[in-house]
């Protein structure tokens with residue numbers, strides 16, 4: 001069933017809000033007379049349930065391993081009969097995209113709940129947690145500031161961050177009924193998301209896949225740069241790529257080579273392990289570029 005991604009600054013109250021959502025969902029499931037709803041199972045996944053220490057944020061490798069553990073835990077239980085609350089920082093948009101793809105692949109809805117506690121309030125809470133040895137400790141100052149600096153806030157214009165619900169510090173609860181309606185619904189019908197080729201994750205079995213991934217994305221960037229050179233001074237515009245139905249919709253400001261290369265590297269990183277069929281790389285890269293240009 002649905003994937004509910006929690007996102008927010010460190011010490012912003014993510015677990016508190018996750019518990020509110022979990023308790024609400026549990027009550028809805030228990031009180032429902034709909035057999036479809038009664039069979040739903042709830043999973044709450046965070047650093048504590050995975051046995052991860054906040055020390056993992058000291059080094060890049062330990063943090064990457066922790067992210068991989070969260071990813072595996074979510075993927076393991078994600079199905080049409082399970083509601084998964086992924087309660088973590090989830091501050092990297094590429095990571096949120098990967099989890100979105102997993103939900104899409106099993107044809108189940110997903111949404112992002114962003115905990116919008118201001119940075120100063122988070123810093124105050126974190127200092128209080130660090131000082132109280134009887135409670136689950138906060139993040140050491142260096143890790144806290146580093147995570148704040150690197151945080152990539154969800155954007156409702158991106159398909160992997162949509163629908164996006166923002167919970168403010170003064171809100172008594174998240175918009176519980178709206179989130180339930182979005183993910184489960186109340187019309188008696190199962191909410192099924194149609195998986196598409198942009199999000200179906202396939203094993204990397206085709207020969208020369210990485211070569212094709214590199215070459216195809218590089219060719220598309222070359223066409224963008226050539227078009228911009230031929231239309232110097234023009235804002236926006238559309239570029240038609242052969243064998244791709246949708247055009248590339250350029251932003252108002254011309255894209256530089258470093259900007260394009262950064263987007264290309266992100267796409268390659270996201271799809272290096274979860275391979276796409278060679279004949280679809282071009283289509284999916286165009287979709288990814290258009291998503292990035294909207295931000």
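Residue-by-condition table, conditions (1) in contact with a strand residue (DSSP E or B) (Cβ under 6 Å, 6 or more places away or on another chain); (2) more than 21 Å from residue 186 (Cα to Cα):
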residue	(1), (2)
38	no, no
42	yes, no
67	no, yes
74	yes, yes
_Checking the condition at pLDDT 90 or above, in a helix (DSSP H, G or I) and under 29 Å from residue 266 (Cβ atoms), which residue from 7, 12, 18 passes?_
18
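Going by what's in this entry, would residue 53 be described as within 20 Å of the chain's Cα centre (by Cα) and either closer than 25 Å to residue 153 by Cβ or assigned by TED's automatic domain parsing to the domain that holds residue 121 (or both)?
Values: within 20 Å of the chain's Cα centre (by Cα): no; either closer than 25 Å to residue 153 by Cβ or assigned by TED's automatic domain parsing to the domain that holds residue 121 (or both): yes.
In short, no.
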*Which listed residue is closer than 18 Å to residue 98 by Cβ and either assigned to a helix (DSSP H, G or I) or assigned by TED's automatic domain parsing to the domain that holds residue 98 (or both), from 211, 288*: 288
_Among the residues of region 92-103, are any surrounded by fewer than 18 Cβ atoms within 10 Å (Cβ to Cβ) and either in the same structural domain as residue 287 (by TED's automatic domain parsing) or closer than 30 Å to residue 288 by Cβ (or both)?_
yes
_Of the residues 216, 269, only one is surrounded by fewer than 12 Cβ atoms within 10 Å (Cβ to Cβ) and either in the same structural domain as residue 98 (by TED's automatic domain parsing) or part of a helix (DSSP H, G or I) (or both); which?_
269
*Mind listing just one residue for me: the one in region 160-179 that is surrounded by 16 or more Cβ atoms within 10 Å (Cβ to Cβ) and under 25 Å from residue 95 (Cβ atoms) and, of those, modelled with the lowest pLDDT?*
160
*Within region 136-157, considering residues that are in a loop (DSSP other than H, G, I, E, B) and out of contact with any helix residue (DSSP H, G or I) (no Cβ under 6 Å at 6 or more places or on another chain), the one surrounded by the most Cβ atoms within 10 Å (Cβ to Cβ)*: 151
*Being modelled with pLDDT under 85 and over 18 Å from the mean Cα position of the chain (by Cα) is the filter here, so list the residues in region 276-295 that pass it.*
276, 277, 278, 279, 280
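The values are calculated or read from the model by the stated rules, or taken from the named source; none is laboratory data. The structure displayed is predicted, hence computed values, not measured ones. When we count neighbours, we look across all protein chains shown, and the Cβ atoms used for this are built from the backbone with ideal geometry, even at glycine.
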